[in-house]
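A quick write-up on the structure given underneath.
Coordinate-derived values only; no laboratory data. In this text, all values refer to a predicted model and were calculated from it rather than measured experimentally. Cβ sites come from the backbone with ideal geometry, for glycine too, and all protein chains shown count toward neighbours.
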Amino acid sequence: MKAIGRYLLNWLILLDQAGNTLAGGSPNETISERAAKARNAGKEWGCVLCRFLNWINPGHCDNALTATIGDDAVIPDGD
C-alpha cells in the first residue's frame, strides 16, 4: 500500500474507534468488532450491523473480532 493510502486508512480507523468510544465502547476497539461481539451475544443491533457490513465486505465482522480488546468499554459489547 502506498503511503497516502496507509495514511487515509489510519484516519478511517481513528474515526471508527472514536465513534465507538463516543458510543460508550472501548477506545481500542472498532465499531465492527463491537458489533461482532454484540451479534455473538444475540443483540439485534449487532446482527443487523454485521449483516450490512458483511454484505459490503463478506466476513467483515468475523475478521474484526479480537477477544482481548474491549474489556475497558463503559457500555459492554455483548455481556
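How much of the pair distance distribution for segment 3-64 lies past 17 Å, counting alpha-carbon pairs only, in percent? Please report the intermediate quantities before stating the final value.
Working: 813 of 1891 pairs.
I get 43 percent for the Cα pairs in segment 3-64 exceeding 17 Å.
Peptides 16-24, 32-40, 2-10: what's the order by average Cβ count within 10 Å, highest mean first?
Values: 16-24: 14.7, 32-40: 23.9, 2-10: 9.3.
Ranked from most to least packed, the peptides come out as 32-40, 16-24, 2-10.
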